[in-house]
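Engineer: Structure below; questions to follow.
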Amino acid sequence: MSHMQSVPGGVEQEALAEEKELVEGYRPEKGRKKIATGEGRLAFFLVTPTVLLLALIVGYPVVKAIISSFQKDRGLDTATGFFNQGGGFAGFANYKTWLLQQCPAPGGGTVKCPPGTLASEFWASVGFTLGVTIVAVALETVIGMIMALMMHKAFKGRGIVRAAILIPWAIPTAVSAKLWQVIYAPGGVADSILHHNIIWSEKWPARIAIVITDTWKTTPFMALLILAGLQGIPDELYESAKVDGASAWQRFWRITLPLVKPALAVALIFRSLDTLRMYDLPAILTGGANGTSTLSILVVKQIQSGPNSASALSTITFIFIFACAFVLVKALGASIMPRPAAKGR
Amino acid sequence: MTSSVQAPPAPSGEATIEQPKRGFPWGVVGSYASIIIILIWCLAPFYYMTIMAFRDPNYALDTSLLPRHLTLSNFKYAFNTTNNHFGRSLVNGVIIGTCVTVVGMAVGVFAAYAMARLQFRFKYAILGAVLAASMFPGVAILTPLFQLFSNWGWLGTYQGLIVPQISGALPLAVFILTSFFTDMPWELEQAARVDGATPGQAFRLVILPLAAPALFTCAILIFLSVWNEYLLSSVLYNGNDNVAPPTVALAKFTAGPHVIPYTQTMAAGLIVVIPLVIVVLLCQRRIVSGLTAGGVKG
């Protein structure tokens, strides 16, 4: 067993060393520095448009949102009784509304946000967003892994399967939400298959419906990414493990899983990020009703009634998502950065 | 390694036929069974959508899984403009998708070239920044853009729907192309230079034809992602049906108050999906390689 475990690292390092040689073999050692400075200038011109455009379309709005999240929304000024035009420094008031449930009270001061306000839904939607992410991504990972193993084993019909697997991926979420709405319709096909009349608009059935729909659409994609990882594992490893008397189960845990882990981790992280910012599916399937409001839905609902407060919420949302991403990257020890020098491995 | 060299061909041949000897061919059956399971998973809902699209609206809640009560009236209704602007939305989808794809590719291709080919300072910082930009949830830029666009009169305009989506398309282009470019046989460029081609010629005559399939794949993936976008569009179209993309038109697809147009919506949905399915079937190999190369986003 011990010599087997040393093999994967060895193979990879060898390949890396080979690549390095190939890359560095291009130019002679002598004029290296000179070329490098010229490259720097060229790279600057090539990269600048991308950086500028992203700074303009992403950076500027994000910064603007952070600034306006500290400003007052227009509305009835409860202290003076006049209608104010908004603006003016609000401190952390907008954040407190969401995080601490401190809504402005009539006559100044704050009260606990009453039920029915958007703010009162905040913690419930944090919980729902997180819960749906954990459950859906866990299901997608496990089922995706099984699917990938099936496809990897299947020697016939791989082309058909790969084509079929791309179909749920290609169907826009808006369409798949509408499609599953028909399936979950009262007296619809879901009920008839399950032989139960489930009221899918109730809290838990609605949540389960969202998880099922999301899992249906994205598991095949997950399987595809994992399959790519599986195909990178050399067959010799399995053969030598077989010769050494490793059971199928042992081969899975000792070879497949460790070697597919990098691909799996990246897929898992990107899926989690996507699910944490989920909007289309619940917005169309349930309209965010009955405890199915994600953070993104809450932001969109808030935009019309108070953009500065919405900015605070969207800032909270992206900090929350980045924090989750950070935890996942640390926990899985994954590198999500594309590494151009190492052939995107 | 050594054992395979020493072993004569006969025993190794024996080893490969060893498995089917076990009596009932579990391997083969399992393989077919798993293919069928995956096919059902992926295709059953799509199949149901298709038969619903062709089903008479009066039988919308007939839960039969066979195509029955067939009609084309749903498709006719999908393009009816009294309640919906679905036909128009398809045109809008193509306009918006094309513009975003062209801008994203045109800008991203240069950055990707630099990332894949050149050594420069802050390379990884910039790549990280691009990655971070793609990780921002749509709502993080939505609120300020809504305010800005409402000041500029951009709400419910094409530019108002196109510009924000570059935020997703550009990082996607940079990642996919960087990974494609890294894998390309650049020795050929070197060879062309040795043969006396200028850098420009080497790029135009050698690299561009080689890169064309990668560019094409990347363009398809970006177009698909724009075609599927809903969050930004659903807010920034601001009720103007003349610029709404298909996802938005479909989400608010209606047959008047108190009627849920199940079959008609499925017909409209099918019209949105069919071109995608065709593209996916034609380019599945390339799409898969693009997806696994980029490794980003679905």
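The values are calculated or read from the model by the stated rules, or taken from the named source; none is laboratory data. Quick caveat, the model's predicted, so the values are computed rather than measured. Cβ: placed from backbone, ideal geometry, glycine included. Neighbour counts: every protein chain shown.
Engineer: For region B:24-60, how many residues meet the condition of being aliphatic (A, V, I, L, M) and over 32 Å from the mean Cα position of the chain (by Cα)? Walk me through it before giving the result.
Structural biologist: The initial filter retains those residues of region B:24-60 that are aliphatic (A, V, I, L, M), namely B:28-29, B:33, B:35-40, B:43-44, B:49, B:51-53, B:60.
Within this subset, residues satisfying the condition of being over 32 Å from the mean Cα position of the chain (by Cα) are B:28-29.
Within region B:24-60, residues that are aliphatic (A, V, I, L, M) and over 32 Å from the mean Cα position of the chain (by Cα) number 2.
Engineer: Looking at region A:276-294, is at least one residue part of a helix (DSSP H, G or I), over 24 Å from B:Gly269 (Cβ atoms) and at the interface with chain B (Cβ under 7 Å from one of its Cβ atoms)? So that I can check it myself, show each step before the final result.
Structural biologist: Of the residues in region A:276-294, the ones part of a helix (DSSP H, G or I) are A:276, A:280-285.
Filter once more, keeping what is over 24 Å from B:Gly269 (Cβ atoms): A:276.
Retained after the next criterion (residues that are at the interface with chain B (Cβ under 7 Å from one of its Cβ atoms)): none.
No, region A:276-294 contains no residue that is part of a helix (DSSP H, G or I), over 24 Å from B:Gly269 (Cβ atoms) and at the interface with chain B (Cβ under 7 Å from one of its Cβ atoms).
Engineer: Restricting to region A:183-197, count the residues that are more than 10 Å from chain B (Cβ to nearest Cβ) and more than 21 Å from A:Ser293 (Cβ to Cβ). Full working, then the answer.
Structural biologist: Taking region A:183-197 and keeping what is more than 10 Å from chain B (Cβ to nearest Cβ), we get A:184, A:194-197.
With the extra rule that they be more than 21 Å from A:Ser293 (Cβ to Cβ), the set shrinks to A:194-197.
Residues in region A:183-197 being more than 10 Å from chain B (Cβ to nearest Cβ) and more than 21 Å from A:Ser293 (Cβ to Cβ): 4 in total.
Engineer: Using the structure shown, decide if A:Ile208 is modelled with pLDDT of 85 or more, more than 12 Å from chain B (Cβ to nearest Cβ) and within 29 Å of B:Pro261 (Cβ to Cβ). Before the answer, list the steps.
Structural biologist: Details: modelled with pLDDT of 85 or more: yes; more than 12 Å from chain B (Cβ to nearest Cβ): yes; within 29 Å of B:Pro261 (Cβ to Cβ): yes.
Criteria met by A:Ile208.
Engineer: Separate question: When region A:160-181 is examined, which residues are found to be facing another protein chain (nearest Cβ under 7 Å) and over 18 Å from B:Ile40 (Cα atoms)?
Structural biologist: A:Pro172, A:Thr173, A:Ala174, A:Val175, A:Lys178
Engineer: Another one. Which of the residues that make up region B:165-204 are without any contact (Cβ under 8 Å) to a residue 24 or more places away in the chain, surrounded by 13 or more Cβ atoms within 10 Å (Cβ to Cβ) and among the aliphatic types (A, V, I, L, M)?
Structural biologist: Passing the criteria: B:Leu188, B:Ala191, B:Ala192, B:Ala197, B:Ala202.
Engineer: Identify, from the list B:Leu270, B:Leu236, the residue that is out of contact with any Gly (no Cβ under 6 Å at 6 or more places or on another chain), in contact (Cβ under 8 Å) with a residue 60 or more places away in the chain and within 11 Å of chain A (Cβ to nearest Cβ).
Structural biologist: B:Leu270
Engineer: Ok, one more. Check every one of the helices (runs of 4 or more DSSP H) wholly within region B:26-134 and list those with 3 or more residues that are facing chain A (nearest Cβ under 8 Å) and in contact (Cβ under 8 Å) with a residue 40 or more places away in the chain.
Structural biologist: Details: elements: B:26-53, B:73-78, B:86-117.
Output list reads B:26-53, B:86-117.
Engineer: If a residue must be in a loop (DSSP other than H, G, I, E, B) and among the aromatic types (Phe, Trp, Tyr), how many such residues does region B:246-280 contain? Can you show your working first?
Structural biologist: Here is the first cut: in region B:246-280, the residues in a loop (DSSP other than H, G, I, E, B) are B:252-261.
When the remaining residues are screened for being among the aromatic types (Phe, Trp, Tyr), the result is B:253.
Qualifying residue count, region B:246-280: 1.
Engineer: Looking only at region B:139-164, filter to residues that are part of a helix (DSSP H, G or I) and of a type in the set (S, T, N, Q); which one of those is surrounded by the most Cβ atoms within 10 Å (Cβ to Cβ)?
Structural biologist: Of region B:139-164, the ones part of a helix (DSSP H, G or I) are B:139-152, B:158-164.
Still in the list and also of a type in the set (S, T, N, Q): B:143, B:147, B:150-151, B:159.
Numbers: B:Thr143: 29, B:Gln147: 20, B:Ser150: 15, B:Asn151: 9, B:Gln159: 13.
Among those that are part of a helix (DSSP H, G or I) and of a type in the set (S, T, N, Q), it is B:Thr143.
Engineer: Moving on to the next point. Looking at (1) closer than 26 Å to B:Asn92 by Cα; (2) within 12 Å of chain A (Cβ to nearest Cβ); (3) at pLDDT 85 or above; (4) more than 23 Å from the chain's Cα centre (by Cα), which is the one condition that is false for B:Ile260?
Structural biologist: The single condition B:Ile260 does not satisfy is (3).
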